[in-house]
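Below is one structure; the comments refer to it alone.
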């Protein structure tokens, strides 16, 4: 349903590029890694549609839910589908 991740760290690269020209000092950047299990296909749909309109959610359910269920059943463990996300925590001071 989604494209494979890009090679490298394009988001981190863009953050660092903007921080270099921001005028901020004493910049501390931490990478946070979170691994969770998504317990059901319905939860996958909720994550895909988070913040979207009800119309988009309905369209996604009609057009792609069976594919979500199929992939979920193929790859899930007893706890669900494991996924890992990375977040960047930035602490800086204005000069």
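Structural descriptor for the stretch 3-95: relative contact order 51 percent, calculated from alpha carbon pairs under 8 angstrom and at least 6 residues apart. Mind checking the angle between helix 10-20 and the chain's longest principal axis? C-alpha axes, 0 to 90 degrees, to the nearest 10. It is inclined by approximately 20 degrees. As I understand it, the value is the acute angle between the Cα axis of helix 54-75 and the longest principal axis of the Cα atoms of the chain; what does it come to in degrees, rounded to 10? Its long axis makes an angle of about 80 degrees.
Which of (1) 1.11; (2) 0.91; (3) 0.98 is the computed Rg/Rh (Cα atoms, Kirkwood Rh) for the structure on display? Only one listed value fits the structure, namely (1).
No value in this document is a laboratory result; all are computed from the given coordinates. Because the structure is a prediction, the values reported are computed rather than measured.
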